[in-house]
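Here's the structure we're looking at; comments come further down.
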Amino acid sequence: MVGLKEELLKSIWHAFTALDLDRSGKVSKSQLKASGGPGGAGPGPGVLSHNLCTVLNVPHDPVALEEHFRDDDEGPVSNQGYMPYLNKFILEKVQGNFDKVEFNRMCWTLCAKKNLSKSPLLISDEDAFKVWVIFNFLSEDKYPLIIVPEEIEYLLKKITEAMGAGWQQEQFDHYKIALNTSREGLSAWELIDLIGSGQFSKGMDRQTVSMAINEVFNELILDVLKQGYMLKKGHKRKNWMERWFVLKPNSISYYVSEDLKDKKGDIMLDGNCCVEALPDKDGKKCLFLIKCLDKTFEISASDKKKKQEWIQAIQTTVNLLRAGSPPPHKEARQKRKELRQKLLAEQEELERQMKELQAANENKQKELETVRKQLEAAAARAAEEEKKRLQTQVELQDRFSLELEREKMVRQKMEEQVAQKSSELEQYLQRVRELEEMYKQLQEALEDEKQARQDEETVRKLQARLLEEESAKRAELEKWHLQQQQTIQMTEAEKQELENQRMMKEQALQVAMQQLKQLELERKEALEQYEEVKKKLETAANNTKSWKDKVAHHEGLIRLIEPGSKNPHLITNWGPAAFTEAELEERQRSWKGKKTTSE
């Protein structure tokens, strides 16, 4: 309720400050009991209180108003005097069951005529009213109410985006610089003049600007998160009807048309609700389902993009309800305020540190000034002391001149004595240097002798080691010589034996070569015989074939039968062969054995 109370107070503040004031800038007591209209002095607190009770659905108590502003308290009434009555008797009783737009319009009616600019604007009075309400939403929580440059930029960006135009950041930066040099922000009426002047909506017609302001008003003031036409399936007749849907932080309302005059129902949202996409059915496309505890609603969007946007918007709203978070634009406004408060606190801390540094700097300046004065006084004292010192120095100089003459005589005598002593000392020192030189030479000679002895000892040890190594080498060489002699003797015997073996192998090789040559000759002879026999066989085969052909031609087929031997013999066309098969095999084995021996 604290946030609601703050929002109500801003609109009421505008209405109260629009009342007729006296010379001191306060509402006169005579207006407190006035009922307004022709018989009164104008719309006073009594009329304002009565109207507030009416639009806020709070019982009006005229006695309380009379009792709060008694006649025994003479003097005008200020805003601070009226606010305690407002908080105690009106705002504390507000339950939230009132029309926010009607409340704002009542306050606007009381203050617009007096404060609204007389110059022509590019926006209508209705648009000016909506800008005024948006101002109360975005303004700072301190009075008199102003809207800071950051919130002005936020509002102008929202309107520009709603118009579909590009945001001119550079233009606003110049405006912001000019604004910051003169004041902290704008009043509601200055903001209306700024938007109505068309400075940030050049090239846009009145209707486009009006639609953009209405869209921003719906989002920021009426908490409209999304709105548009969709088809809804009825619960009783199951028919599909087009409805204008309006999504708010805790409900979805649907109307016959977008003028919002004929409301058909509400879908109450809470953390238990959910939204699901449905497949196309019954000739309807882009379907989705909203499930609540008591009812389920089937809705059809115009296209897939709209369907996805609605599903995402409804799901985001349900998630915010589950988390207990405010609507996005209110949460964003709170974050911007917190950020500004943080920056303001840091700036105040920086200013405090700067003041501390400035104070410390001033203290340092004072300390430096004190030190400078002390230095000047010390310099004056030093100059006086210097003057006295110079006088004393002159006196002492005269006195010392006499003593100096006496000292010169004494010094001359002492110099003569010193010269004599110096001559003697020089002779003594010369003798000492000669002795030192002789001592150095003696030391060098001793060092050379010592080094020579060390070198001699080293050479002697080296010679002894070399002699030992030579003896060892000689013994080793003699040993190697004996081993070599033995090896040579053994090698000669082995060489003789190998020579004998070689001679035997050469003889065997010659025998084998002779056998091989003999076999080669025999093989050639056998081949010649084989060729001759082959030729004879071919001739006999030809003769036999011709003979058989003749016999078959003249006398028919004749089979010659002759008696054969008991032992198997090779038969040729001329009779038994010269060799049997066994003899041929034996001769073949003999040839193979000779061939193997020769190889």
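Okay, here's what the table says:
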{"item": "Every residue from region 293-315 that is closer than 14 Å to TYR229 by Cα, without any contact (Cβ under 8 Å) to a residue 12 or more places away in the chain and acidic (Asp, Glu)", "result": "none"}
{"item": "Candidates LEU446, LEU516, LEU467 - the one that is within 30 Å of SER590 (Cα to Cα) and hydrophobic (A, V, I, L, M, F, W, C)", "result": "LEU516"}
{"item": "Residue within region 380-403 that is at pLDDT 90 or above and under 30 Å from GLU140 (Cβ atoms) present", "result": "no"}
{"item": "Options LEU396, LEU402, LEU425; residue that is loosely packed, with under 10 Cβ neighbours inside 10 Å and either of a type in the set (Asp, Glu) or more than 60 Å from the chain's Cα centre (by Cα) (or both)", "result": "LEU402"}
{"item": "Residues of region 143-163 that turn out to be open to solvent by 50 Å² or more (accessible area, probe 1.4 Å) and over 14 Å from PHE200 (Cβ atoms), as a count", "result": "3"}
{"item": "Region 1-27 - residue that is of a type in the set (Lys, Arg) and more than 18 Å from SER139 (Cα to Cα) and, of those, modelled with the highest pLDDT", "result": "LYS26"}
{"item": "Residue that is modelled with the highest pLDDT, among those in region 83-100 that are surrounded by 14 or more Cβ atoms within 10 Å (Cβ to Cβ) and within 25 Å of VAL224 (Cα to Cα)", "result": "LYS100"}
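Table: residues versus (1) over 44 Å from the mean Cα position of the chain (by Cα); (2) over 25 Å from ALA128 (Cβ atoms); (3) open to solvent by less than 20 Å² (accessible area, probe 1.4 Å).
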| site | (1), (2), (3) |
| --- | --- |
| THR208 | no, no, no |
| ALA212 | no, no, yes |
| VAL216 | no, no, yes |
| LEU220 | no, no, yes |
| VAL224 | no, no, yes |
| GLN227 | no, no, no |
| LYS238 | yes, yes, no |
| VAL246 | no, no, yes |
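The values are calculated or read from the model by the stated rules, or taken from the named source; none is laboratory data. Not measured: the values here are computed from a predicted model. Positions of Cβ are backbone-derived with ideal geometry, glycine not excepted, and every protein chain shown enters the neighbour counts. Just the protein is used for accessible areas: all its heavy atoms, side chains included, with ligands, DNA and RNA removed. Shrake-Rupley method; radii C 1.70, N 1.55, O 1.52, S 1.80 Å.
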